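Heads up, the thing below is written out as structure tokens.
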Amino acid sequence: MDQEIFAIYFPSWHPDHHYEKWYGKGFSEWELVKSTKPLFEGHYQPRRPLWGYFDESDPEMMARQIDAAADSGITGFLFDWYWYSGEQFLEKPLDEAFLNAPNRNRLKFALMWANHNWGMWPALDDDEHQAMNGNVNQSSNLYLKITHSEEDLRNVIDFCSEKYFSCDNYWKIDGKPVFSFFSSTKIFENLAPADVVRIMNEQARKNGFPGIYLLMNIGCNNDNKYFCGWGRVPLLREAGFDAVFAYNIVAPANYYELPQERPVFDYSGMMESQEYCWGKIEEGGLPHFPSVTLGLDVAPRWSRNVKFPMDYVALGYCPICTDITPERFGTVLEKALAKKAPAVIINAWNEWTEGMALIPDEKYGSGYLDTIREITGKILPPDAPRG
């Protein structure tokens, strides 16, 4: 099988020095998971990991994650990567655990610069900051603000070239390190798309690479009711970007018609939206790496004072997706793989506070990973190497 299967890795499940400063010693996002209560009958909360609330910065636990992913047919992790003008955040799982894991070469890895502001979640905020701040799932009480400049972008490429791109298991296409941005809106506020391409390629060549393979996320924006920016693709193609994907595709067609008293929808609506958005993205003329989203439930990050009914649109909260089973996820994954793109991207390996996690949990066990293994087993012979 020539296709890659990358799972997005969100590194928020360990004590980080920023978290310690903001929330106290030992804090990680597991604390939000533990304190979540169901909002309606049948609401699957809290979601409990089968492996317990583990510290992902522990190299042994990272090695366990690598084996579980590779054994299922996943070929790499796409790490959410945080850089604020040289200040790093949530870097330990990649820098100290993954890169030092004895089995790291079982998986490839790549970076998606999560280039958005970072603030307090409404679950930890006061009543004055109950609402979300756009699509980044934090309140308006901000701690880290993203800024972009040519100098900073060159510094990013220099840093990544030395620390990441030079690794033998860094994901490369035609010798070029694959690099992605979470927000096209943020980067293009300060730099024109063609300048981003020029700067990154120039700096990569200075560091001995043939260039950068630029994979841009065009999801997670407010362009339409699907929050999917397929209309941005022609501009990206003209600027010289290499490929696009949508970080997640979560909104059903009736997103804004859901009742305030119960903003809940079935996964079938998301299944339909993913196929629809793939088609619209592909009309733009750039290579498209289809993404498969496992679901949507951001209740762990919501204010604990908000209950149904609620004005979820005014609060910036997303409706809750239900009935996501391994079988239904497998249906979408098979359709994504059938497109024969160079890669399929799964959201996510461990987005527990957004309702998207492949890691075994108490309800489905290893069902999602077993589903990937079964699907890739149809494509690969049983004795073929994986990972």
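Here, each number is a calculation from the coordinates, and none is a lab measurement. Since this is a predicted model, take the numbers as computed values, not measurements. Methodologically, a virtual Cβ is constructed for each residue, glycine included, from the backbone with ideal geometry; neighbour enumeration extends over all protein chains shown.
For segment 66-224, give me the percentage of DSSP beta bridges that are antiparallel, rounded to the nearest 5 percent. Within segment 66-224, antiparallel bridges account for around 35 percent of the total. For the chain, what proportion of DSSP beta bridges, expressed in % and rounded to the nearest 5, is antiparallel? Antiparallel bridges make up about 25 percent of those DSSP assigns within the chain. A crude spin-label estimate for the pair Lys34 and Asn190, with each label 7 Å from Cα along the Cβ direction, gives 3.7 nm.
For Ser149 and Lys206, the FRET efficiency from 1/(1 + (r/R0)^6), where r spans their Cβ atoms and R0 equals 22 Å, is about 0.80.
For segment 45-121, a Kirkwood hydrodynamic radius built from all Cα pairs, placed in the Stokes-Einstein relation at 25 °C and 0.890 mPa s, yields a translational diffusion coefficient of 178 µm²/s.
Pairs spanning more than 26 Å between alpha-carbon atoms, out of Lys34/Lys225; Lys37/Lys186; Lys92/Lys145; Lys34/Lys92: Lys34/Lys225; Lys37/Lys186.
Note on Glu334/Asp71: beta-carbon distance plugged into 1/(1 + (r/R0)^6) with R0 of 25 Å gives a FRET efficiency of 0.85. Annotation: amide H of Glu4 within the under-5 Å range of Ala343, Val344, sequence separation 5 or more or interchain, hydrogens built in the peptide plane. Among the trypsin sites (Lys or Arg not before Pro) in segment 1-102, those placed in a DSSP loop whose Cβ has at most 12 other Cβ atoms within 10 Å are Lys25.
Distance between the C-alpha centers of segment 81-102 and segment 329-369? Whole Å please. Rounded to whole Å, the Cα centres lie 23 Å apart. When only Cα pairs below 8 angstrom with a gap of at least 6 residues are kept, segment 4-65 shows a relative contact order of 28 percent. Take the Cβ atoms of Arg304 and Glu87, set R0 to 25 Å, and the FRET efficiency comes out at 0.25. Taking every C-alpha pair closer than 8 Å and separated by at least 6 residues, the mean separation divided by the residue count of the chain gives a relative contact order of 20 percent.
In this simple spin-label approximation, Asn141 and Asn103 carry label points 7 Å from Cα along the Cα→Cβ vector, and these lie 4.0 nm apart.
Annotation for segment 300-362: GluC sites (Glu not before Pro) lying in DSSP loop with at most 12 further Cβ atoms inside 10 Å of their Cβ are Glu362. Using all Cα-Cα distances in the chain, what percent lands in each 10 angstrom bin from 0 up to the longest? Distribution as computed: 5, 24, 35, 28, 8, 0 percent.
Between Ser149, Asn115, Val344, the Cα set farthest toward the positive side of the dipole of the chain (charges on each charged residue's Cβ, about the Cα centre) is that of Val344. Dividing the helix sum by the residues of the chain, where each DSSP H run of 4 or more adds -39500 (n - 2.57), gives a mean residue ellipticity at 222 nm of -8500 deg cm²/dmol. Stretched out straight at 0.36 nm per residue, the stretch from Asp158 to Glu275 would grow longer than its current Cα-Cα span by 38.4 nm. Exposure proxy for Thr75, Thr147, Thr322, Thr353: other Cβ atoms within 10 Å of each Cβ, ordered fewest to most, give Thr147, Thr322, Thr75, Thr353. For segment 53-85, the residues whose amide N sits under 17 Å from a probe point set 7 Å from the Cα of Glu20 along the beta carbon direction are 55-59.
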